[in-house]
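Take a look at the structure below.
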Amino acid sequence: MDQLRRTFLKSAGVAGSVAVAIAAGLLKSGEALAAAWNTNAFGAKNISDAMSAAGFGGATESKDIDIKAPEIAENGSVVPVEVSCKIAGVTSMAIFVEKNPTPMIASFDFLAGAEPYVSTRIKMGQTSLVRVAVKAGGKTYMASKEVKVTIGGCGG
Amino acid sequence: MAEGMKMRAALQGDVAEVKVLMSHPMETGTRKDAKTDKLVPAHFINQVVATLNGKTVLEAQWGTAISKNPFLGFKVKGAKAGDKIAVNAVDNLGNKFDGEVAVA
């Protein structure tokens, strides 16, 4: 049953499949792009599925992850988010918005030289928790911050 | 369509703070065109790779919820003035975008 559901979810994510096909093609041509686009994580409809699919399931709360985002975002289509992390040996980080239709926003892998820091601008459909998960030393950690959204930025 | 990227890399101590602004519609695939009332197909950058002097330092996967004309800031330790920082991005339609800047 669960297998069926998975298959359905996969076939439903048309855009995702296209992306993966392209990513696979790129890998063949020897580009520096490593992992294929994570269709399951980006297609997940709730945050716990998305976090598990992205490899951040069971993350423990940490105060060493600092999320800078506005308390109130007037325009949900452009919400600045800046994340830094004091945990040693961070290898990857992912941003989620709990109440977005697909909560997974982005993931970042830090290789030698990159600081565990990312700044970007994201879309939020409504007031929601912004959650950041990180991986360090084989363990996963997370932190959340609520952003109130006046005008949603998904669809329109 | 998109015309690549604007980049800046400023050195603070031995850390280069890199800022990248890309030009891209970042369509979610759920937005309706106001005139035709049809869904605008998803069109978004989904993979980004940053290198320092040719060595990969950051790999990102993006979904549709990165804002239009994406901004990305990251920090690279051990960079020196004159080092080359390059960013390569690919969208879900296979279009490629490249940018390069010298650390200053």
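Read-outs: derived from the displayed coordinates by stated rules, not from any lab. Because the structure is a prediction, the values reported are computed rather than measured. Cβ atoms come from the backbone with ideal geometry, glycine included; neighbour counts cover every protein chain shown.
Couple of notes before you dig in:
- Nearest-20 debye value, the stretch A:41-138 charge dipole, Cβ charges on Lys, Arg, Asp, Glu: 160
- For A:V149, the residues whose amide H sits under 5 Å from its own are A:A73, A:T127, A:S128, ignoring neighbours fewer than 5 places away on the same chain, with H placed 1.01 Å from N.
- For peptide B:51-59, the mean count of partner chain Cβ atoms within 10 Å of a residue's Cβ comes to 5.
- Residues whose amide H lies under 5 Å from that of B:I66, counting only those 5 or more places away or on a different chain, are A:K123; hydrogens are built 1.01 Å from N in the peptide plane.
- Max mean-square fluctuation residue, GNM over chain B, Cα-Cα springs under 10 Å, options B:G63, B:G13, B:G73: B:G13
- Centroid-to-centroid separation of the stretch A:114-142 and the stretch B:58-104 [C-alpha atoms, Å]: 18
- Amide H within-cut-off set for B:H43, under 5 Å, with H built and near neighbours excluded: B:E27, B:T28, B:G29
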